Number of protein chains: 2
Amino acid sequence: MKMEEKKFEETKKDSTSFINRVDFAKGSGLVPVVVQDQKTKDVLMVAYANKEAVALSFETGVAHYWSRSRASLWKKGETSGHVQKIREIKMDCDADTILYLVDQVGVACHRGTWSCFDESPT
Amino acid sequence: MKMEEKKFEETKKDSTSFINRVDFAKGSGLVPVVVQDQKTKDVLMVAYANKEAVALSFETGVAHYWSRSRASLWKKGETSGHVQKIREIKMDCDADTILYLVDQVGVACHRGTWSCFDESPT
């Protein structure tokens, strides 16, 4: 088992207590999730998650979100295959923001760019 | 002038058009701002900005936010001296999230840790 997988396995053990510490109430049930590629450290995107999406990310090891536009759970890459393998899940000091450290398969942005913060292809 | 300063000077020229493209309406006047240290690529924190805070960040070259708890403009480091020198400001593909690439002076987190996503000192 690779070191980063081992690290995730450790966090996973405490996932219930982790999730219970997250302040979902502040954002009416949702927290923003910053998604960072663990190898390049690029910020890939920001999405939103509810409790269930975070629980599913721990459980399945691939990133899940809450789509605000579709008002539904969203497994990233379900259609495109561009899944994000979770390597670590962290919360910030006031527990209202989450960071997913991931191995991005393919690209993160629906426009075909690596990151949602990259300039759009012209 | 260093390369990164030059880059910021270029973005700054188009700051009005940049700000006008940001979708502040979706979040009732606020957008989340991911703050990344440009040297280490660490994600330091997530805060919120209104139009004025983004404009001030461009204008002064140091990070400004909107404090939701104090309901006021917030110049990061005003009290602590831990300012964030702006090197680049980007928006994401749907223009509802901003990324500040900064040179962090001191530490980012009020707990004294480098990043708000670092474990708290015990």
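The values are calculated or read from the model by the stated rules, or taken from the named source; none is laboratory data. Just so we're clear, the structure is a prediction, and the values are computed from it rather than from any experiment. Cβ coordinates were reconstructed from backbone atoms using ideal geometry, including for glycine residues, and neighbour counts include every protein chain displayed. Keep in mind that these areas ignore ligands, DNA and RNA; they rest on the heavy atoms of the full protein, side chains included. Shrake-Rupley method; radii C 1.70, N 1.55, O 1.52, S 1.80 Å.
Residues that are surrounded by fewer than 23 Cβ atoms within 10 Å (Cβ to Cβ) and either among the basic types (Lys, Arg) or more than 10 Å from the chain's Cα centre (by Cα) (or both) within segment A:93-107 comprise A:93, A:94, A:95, A:96, A:103, A:105, A:106, A:107, listed in sequence order. Residue B:94 meets all of the listed conditions (1) of a type outside the set (A, V, I, L, M); (2) assigned to a strand (DSSP E or B); (3) within 14 Å of chain A (Cβ to nearest Cβ) but one, namely (2). Taken over segment B:102-122, the criterion of being within 9 Å of chain A (Cβ to nearest Cβ) and either touching a residue at least 24 places away in the same chain (Cβ under 8 Å) or under 13 Å from residue B:63 (Cβ atoms) (or both) is satisfied by B:109, B:110, B:115, B:116, B:117. Among the residues of segment B:65-81, not a single one is of a type in the set (D, E, K, R) and over 26 Å from residue A:26 (Cα atoms).
Which one is surrounded by the fewest Cβ atoms within 10 Å (Cβ to Cβ), of the residues in segment B:36-52 that are of a type outside the set (Asp, Glu) and more than 10 Å from chain A (Cβ to nearest Cβ)? Only one residue fits best here, namely B:39. Of all the residues in segment A:10-22, those that are touching a residue at least 40 places away in the same chain (Cβ under 8 Å) and surrounded by 13 or more Cβ atoms within 10 Å (Cβ to Cβ) number 5. When each of A:55, A:63 is tested for being surrounded by 14 or more Cβ atoms within 10 Å (Cβ to Cβ), touching a residue at least 12 places away in the same chain (Cβ under 8 Å) and over 10 Å from the mean Cα position of the chain (by Cα), the lone residue that passes is A:55. For segment B:76-92, residues that are charged (D, E, K, R) and in contact (Cβ under 8 Å) with a residue 12 or more places away in the chain total 4. Looking only at segment A:22-76, residues that are part of a loop (DSSP other than H, G, I, E, B) and in contact with a Phe, Trp or Tyr (Cβ under 9 Å, 6 or more places away or on another chain) come to 9 in all.
A single member of B:96, B:42, B:118 is touching an Asp or Glu at 6+ places or on another chain (Cβ under 8 Å) and either under 25 Å from residue A:45 (Cβ atoms) or modelled with pLDDT of 95 or more (or both), and it is B:96.
Scanning segment A:66-91 for residues that are β-branched (Val, Ile, Thr) and away from every other protein chain (no Cβ under 11 Å), we see that the one that is least open to solvent (accessible area, probe 1.4 Å) is A:86. In summary, residue B:7 fulfils each of the numbered conditions (1) surrounded by fewer than 16 Cβ atoms within 10 Å (Cβ to Cβ); (2) at pLDDT 95 or above; (3) within 14 Å of another protein chain (Cβ to nearest Cβ) with the single exception of condition (2).
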